[in-house]
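Structure first, commentary second.
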Amino acid sequence: MLNRIEKLAEYSKDIKVLYVESHLILREYTSDFLSKIFNNLIVAENAEDGFEKFKKNDINLIITDTMMPKLSGIKMIEKIKNLNKNCYTIILSQDNKSNILLKSIKLNIDAYILKPINFDDMLDSIEKIIEKIKLENELKSHQFYLEQYLNLIDKSSIISKTDTNGIITYVSDSFCEISGYKNEELLGSKHNITRHHENPDELYQNLWHTLKTKEQIWEGVIKNKSKDGTSYYVKTIITPIKNIKGEIVEYIAVRNNLNAVIDDKKYLFNKIEENELSILILLQIDEFDILEKFYNIVTIDQVEKNFAYNLMSYLPKEYAFENVCSLGNGRFALLTTFSDFEKTKLNIEKYLNNFVTNVKKSSLKFDDMEFDLNITVSYSTGKHMIYEDCQTGLESALKEKINLNFSNDSSIVSSKEAEQNLKMIRTVKIALDNYKIVSYFQPIINNKTKKIEKYESLVRLIDEDGNVLSPFHFLNISKKGNYYSKITQRVLENSFKILHSIKTKLSINISASDIEKEEIRTQIFELLKQYPEDCHRIIFELLEDEKIKDFQKIKNFIFDVKSMGVRIAIDDFGAGYSNFERIYGFEPDIIKIDGSLIKHITTDLFSRNIVEAIVVFAKKQNIETIAEFVENESIYNILNEIGVDYSQGYYFGKPESF
């Protein structure tokens, strides 16, 4: 028996056992026996005590008597099984009645031992249960390792494994191929066999601090040296692999080869689409068209290929762009995610100026030829139209003979403005993450009664310093990324939530581009279904938008929401793209007269005549009119005289939070 106990004790080190017995002498005698097997033994004096201790501890096995005062062992097991059906259980009982046995079977008891206890029988039951636990733990351990391996392998095929001392224990074929070393040369060596002398010591200090001290995944770009001395860049992810106890047992690294220049513009566009927000760089080898006139096609091709191969070495060592594409005719594209670059805290202008300078200092040498190089660079940030913007910026830079341009919305802006745009994109992202995109509400007054009959929901951003920013500061730049739709979704959420606090109608701004997005339409209809009794209080205010791609989709949306009781307003009517064609297509219930006409109505007869014409037309069509920018009593009096139905402006109230 002693050998059996020692063997069981070896396998049960991590098993936590709860023993419940109300009889003092029997409890002490049996617990003394069980303590020789289990290091983690918790003893309870009765079922109530047992249940409380179970709740406070991560118990694997329960051994309990059945006959106890107040709460029986069977009842205790029933309560425990409601919390954890998978807990192993041994019942000790001097009662072999069929009803007790049936209850035990229903509770899926693992063993039933009659008193007086035969410890050989108990050891038999414990052995079987420990074997089951052992198999379960092994399975969990295998799954645990497998999931970690598969997650990494899916990312890349340039793989290596090291032990906790940094000794290489495994490399993939791709690792051998890119490094130039054979498998047997790498196994048993340290990773500094491929270390490049230009990498700063701080890089490796940070790497090991992240892996060993923080026990976290490390990501970054490393410049390596192959066996023949050539350099190559890899974007690297290294993760500590832990056993089921949480102890690090090895490290796995997977890499992407950044030296590979992809000759595929479609790949570039797909990556832009995948990214939430990107930084795109377009660069042109200067006077490449002149090279084509003086050299043959083979030589020109060599110039492009050599430049492409060395491109990563020209980039400042602080950051390497992971996606590089050749666009032909001496033009290349570099792409990265905005969030990845932001983590470096680098100034994009200084980074790219250093890049241009590095190229100028270099030269391409092959076949007894040497080429001095210069490049022109344009960059842009965002998601939508980012390539077109960047291309426009590059063409302008080439024309104006400047080496670096920032392009946004197809226009060139200053370096200072570019930096401000990047900061604002960051501010928008932080605000969205922290629910600081909020709604303010401005009253709309019935001109006859001067009572508030509607509110307009207006978006605001609260920055990290607590400043409240109007859409002027952030909405346009948000369109460059995938943030504009997220802002719309947040505004919709905020607006519908306020319905329980107001009794008036509520006007919510949406654009045609919003409606064209399936996720926005889905959200709108879900919200309308959640608030069926309030649909008649909702007004969707269609913003001016010259980029309508699917006019029929907009009309279908209007028809569907109107059938649910929602009303439609056209915003900024009388200015820009807001015209009578939109009225014909959208059949609105309300026209909002643009503030540019209203604010001059007291001094400009032309503005007044236009407003009067709009009002006359609207009344004939049974369309309500709302005047924006009503700033004083004089404007209000004229609007009332003309017959405008509603007024909105600071004279009656500023936008405020509820």
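The values are calculated or read from the model by the stated rules, or taken from the named source; none is laboratory data. Predicted model, so just to flag it, every value in this text is computed and none were measured. When we count neighbours, we look across all protein chains shown, and the Cβ atoms used for this are built from the backbone with ideal geometry, even at glycine.
Okay, here's what the table says:
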item: Members of the range 164-197 found to be surrounded by fewer than 18 Cβ atoms within 10 Å (Cβ to Cβ), closer than 16 Å to GLU250 by Cα and β-branched (Val, Ile, Thr), listed by number; result: THR164, ILE167, THR169
item: Helices (runs of 4 or more DSSP H) (entirely within the range 474-564) containing at least 1 residues that are among the hydroxyl-bearing types (Ser, Thr, Tyr) and in the same structural domain as ILE452 (by TED's automatic domain parsing); result: 483-497, 512-516, 518-530
item: Selection from the range 25-50 of residues that are more than 17 Å from LEU114 (Cβ to Cβ), in a helix (DSSP H, G or I) and touching a residue at least 12 places away in the same chain (Cβ under 8 Å); result: ARG27, SER31, LEU34, ALA47, GLU48, ASP49, GLY50
item: Some residue of the range 227-249 being touching a residue at least 24 places away in the same chain (Cβ under 8 Å), part of a helix (DSSP H, G or I), crowded, with 18+ Cβ neighbours inside 10 Å and within 27 Å of the chain's Cα centre (by Cα); result: no
item: Selection from the range 58-97 of residues that are part of a helix (DSSP H, G or I) and farther than 26 Å from PHE119 by Cβ; result: LYS75, GLU78, LYS79, LYS81, ASN82, LEU83
item: Filter result for the condition that a residue is over 23 Å from TYR351 (Cβ atoms) and either modelled with pLDDT under 80 or of a type in the set (Gly, Ala, Ser) (or both), over ALA431, ALA418; result: ALA431
item: Checking PHE175 against (1) in contact with a strand residue (DSSP E or B) (Cβ under 7 Å, 6 or more places away or on another chain); (2) at pLDDT 85 or above; (3) outside any helix (DSSP H, G or I); (4) on the phi < 0 side of the Ramachandran plot, the condition it does not meet; result: (3)
item: Meets criteria (at pLDDT 80 or above and not hydrophobic (A, V, I, L, M, F, W, C)) for ASN354; result: yes
item: Residue pairs meeting the criteria (Cβ under 9 Å; at least 6 apart or on separate chains; first in contact (Cβ under 8 Å) with a residue 40 or more places away in the chain and farther than 21 Å from LYS345 by Cβ, in the range 318-330; second surrounded by 17 or more Cβ atoms within 10 Å (Cβ to Cβ) and of a type in the set (Lys, Arg)); result: ASN323/LYS271; CYS325/LYS271
item: Any pair with Cβ under 7 angstrom, 6 or more apart, that starts in the range 596-622 at a residue that is in the same structural domain as GLU633 (by TED's automatic domain parsing) and polar (S, T, N, Q) and ends at one that is surrounded by 12 or more Cβ atoms within 10 Å (Cβ to Cβ) and part of a loop (DSSP other than H, G, I, E, B); result: SER596/ALA575; SER607/HIS600; SER607/ILE601
item: Residue among LYS85, LYS115, LYS75 that alone is basic (Lys, Arg), in the same structural domain as LEU8 (by TED's automatic domain parsing) and surrounded by fewer than 13 Cβ atoms within 10 Å (Cβ to Cβ); result: LYS85
item: Index of the failed condition, LYS592 passing every other in (1) surrounded by fewer than 19 Cβ atoms within 10 Å (Cβ to Cβ); (2) part of a strand (DSSP E or B); result: (1)
item: Every pair of residues 6+ apart whose Cβ atoms lie under 9 Å, when the first sits in the range 178-203 and is of a type in the set (Lys, Arg) while the second is assigned to a helix (DSSP H, G or I); result: LYS182/CYS176; ARG195/TYR204
item: Looking only at the range 315-335, and only at residues there that are surrounded by 20 or more Cβ atoms within 10 Å (Cβ to Cβ) and out of contact with any helix residue (DSSP H, G or I) (no Cβ under 7 Å at 6 or more places or on another chain), the one that is nearest to ASN257 (Cα to Cα); result: PHE321
